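Worksheet: the structure to be examined is printed underneath.
The values are calculated or read from the model by the stated rules, or taken from the named source; none is laboratory data. Keep in mind the model is a prediction, meaning the values are calculated, not measured. For neighbour counting, all protein chains shown are included, and Cβ atoms are generated from backbone atoms with ideal geometry for every residue, glycine included.
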Protein chains: 2
Amino acid sequence: MHTEKNTLKQANPPEIKAAMLIIGDEILSGRTQDKNLAWLSDYLGKLGIQMAEVRVVPDVHEKIVSAVNELRRAYDYVFTTGGIGPTPDDITAEAIAAAFDLPYQFHPDAKKILEHFYGDQINEARLRMAKMPRGAKLIDNPVSHAPGFYVENVFVMAGVPKIMQAMAMNLDGVLARGAVRHQISFTTPLREGVISETLAAAMKEFPDVSFGSYPRFLDGGGTEVTLVLRGYDETALQTAQKWVLEKFSAL
Amino acid sequence: MHTEKNTLKQANPPEIKAAMLIIGDEILSGRTQDKNLAWLSDYLGKLGIQMAEVRVVPDVHEKIVSAVNELRRAYDYVFTTGGIGPTPDDITAEAIAAAFDLPYQFHPDAKKILEHFYGDQINEARLRMAKMPRGAKLIDNPVSHAPGFYVENVFVMAGVPKIMQAMAMNLDGVLARGAVRHQISFTTPLREGVISETLAAAMKEFPDVSFGSYPRFLDGGGTEVTLVLRGYDETALQTAQKWVLEKFSAL
């Protein structure tokens, strides 16, 4: 019986860190702008899972294998996007099997889903989407049916944003929930070179709050700076914001 | 005298590979959508420098140091974006100095540029932008004046796209030029599961061409697939495209 410990754990949810591995020549070549990182970070953030590192690698077997192995050992979760379709440039599933040193073979349930969906349009290419590391668990795909999958802490999802998002939303009950990091942001017309000293003082005053300062060029000329405060304690963020705004009003 | 060898080298320009390191909590948190990767890949591609890997790390000293050290040893060039402003969350320059085990100190020319630009508005925060690894070479910044810099094969640039682009365009004469990888793309209404076999055959027929297949959901319903062919020989790309299109017309 660990009732006390469990209660304590609920009161102080753990810090959970994730990495994302974006797989695809089309992102590296600049042809396609990745849209999954921003969406996934935001989605995971609400579950209390912090995006801690992202890598983009080409559709090259060895590159995928080594990145997956580095990331799955360094972070609580790894989320991959891209390379699980039916065409021969889709090599992610086989690379994941290699990373875990597992056989790459038909997943019986995935095969049934595809056979049912495609009916007499099923062919070898489409069936390839049912090949996975042995023992992989499926991630439901309500959009185009071919499932994603996960092995241990590595979640393998499609690259098409609509499908990736549908898959990720099916992970809500699967992923552990951690401490949610909140953020407050506000904008000032003061220049970064003017507010820097105040920010340094705020960092000392509120060591549990992380401060980010992001300048932006305005269309009509001039600049503004957005301050972003992040931390686990919402009240502390509000107190820090008030403190900073008071100092700013004197600048 | 290596005349013959040099001639040979010009006829077959080298394959040059680059990595990009995007530094910033704002990208990882999903608050800001990175726009630099697509632009920089495209820009470098035209110089014959291939983007081979990208990493995104938070504003954390150790994470920057270890990523820089891994990437600069693995690739011909590393390009970093973000974290070189005047506020205390800007820690990139100091981390680069640590990665190279170089002192972090005022660069005399950078200091002069900032003093000249800011005049009597100069202060400690703004002067911090002149602190760099000892011996760093400057990258001119025509937009907001605070220069970027490079040490050996690592190029340190601003995160604001407008400034990053201006800095990168100043590197044209500094970077070596490699073999330019061309690409051709075209779209088909055929589904991926239908064209897969033809693509596999094309990959065997044209081993020097890389084939990518990217499905997309259309707004009005249905899907289309974009085929992207990449390679060093433009004529080979055209031949491969013609070959594929002929096979497609029979499907």
(request) Look through B:72, B:126 and report the one residue that is assigned by TED's automatic domain parsing to the domain that holds residue B:27 and either in contact with a Gly (Cβ under 9 Å, 6 or more places away or on another chain) or surrounded by fewer than 18 Cβ atoms within 10 Å (Cβ to Cβ) (or both). (result) B:126
(message) For the stretch A:125-155, give me each residue that is under 29 Å from residue A:73 (Cβ atoms) and either within 11 Å of chain B (Cβ to nearest Cβ) or in a helix (DSSP H, G or I) (or both).
(response) A:128, A:129, A:146
(request) Look at the stretch B:48-74 and say how many of its residues are within 10 Å of another protein chain (Cβ to nearest Cβ) and without any contact (Cβ under 8 Å) to a residue 40 or more places away in the chain. (result) 12
(message) Please pick out the residue among B:42, B:109, B:120 that is within 23 Å of residue B:161 (Cβ to Cβ), at pLDDT 95 or above, among the acidic types (Asp, Glu) and surrounded by fewer than 22 Cβ atoms within 10 Å (Cβ to Cβ).
(response) B:42
(request) Answer yes or no: is there a residue in the stretch B:178-195 that is under 30 Å from residue B:93 (Cα atoms) and either touching a residue at least 40 places away in the same chain (Cβ under 8 Å) or aromatic (Phe, Trp, Tyr) (or both). (result) yes
(request) Would you mind stating whether residue A:174 is modelled with pLDDT under 95, of a type in the set (A, V, I, L, M, F, W, C) and surrounded by fewer than 18 Cβ atoms within 10 Å (Cβ to Cβ)? (result) no
(message) I need the full set of residues from the stretch A:130-170 which are β-branched (Val, Ile, Thr) and closer than 22 Å to residue A:119 by Cβ, in order please.
(response) A:143, A:163
(request) Determine if the stretch B:142-149 includes at least one residue that is in the same structural domain as residue B:83 (by TED's automatic domain parsing) and free of Cβ contacts under 8 Å to residues at least 24 places away in the same chain. (result) yes
(request) Kindly indicate whether any position in the stretch A:159-167 is crowded, with 16+ Cβ neighbours inside 10 Å, away from chain B (no Cβ under 13 Å) and of a type in the set (Val, Ile, Thr). (result) no
(message) I want to confirm something. Restricting to the stretch A:232-251 and keeping residues that are more than 15 Å from residue A:199 (Cβ to Cβ), under 28 Å from the mean Cα position of the chain (by Cα) and touching a residue at least 24 places away in the same chain (Cβ under 8 Å), which single residue is surrounded by the most Cβ atoms within 10 Å (Cβ to Cβ)?
(response) A:232
(request) Looking only at the stretch B:75-93, count how many residues are surrounded by 19 or more Cβ atoms within 10 Å (Cβ to Cβ) and more than 7 Å from every other protein chain (Cβ to nearest Cβ). (result) 12
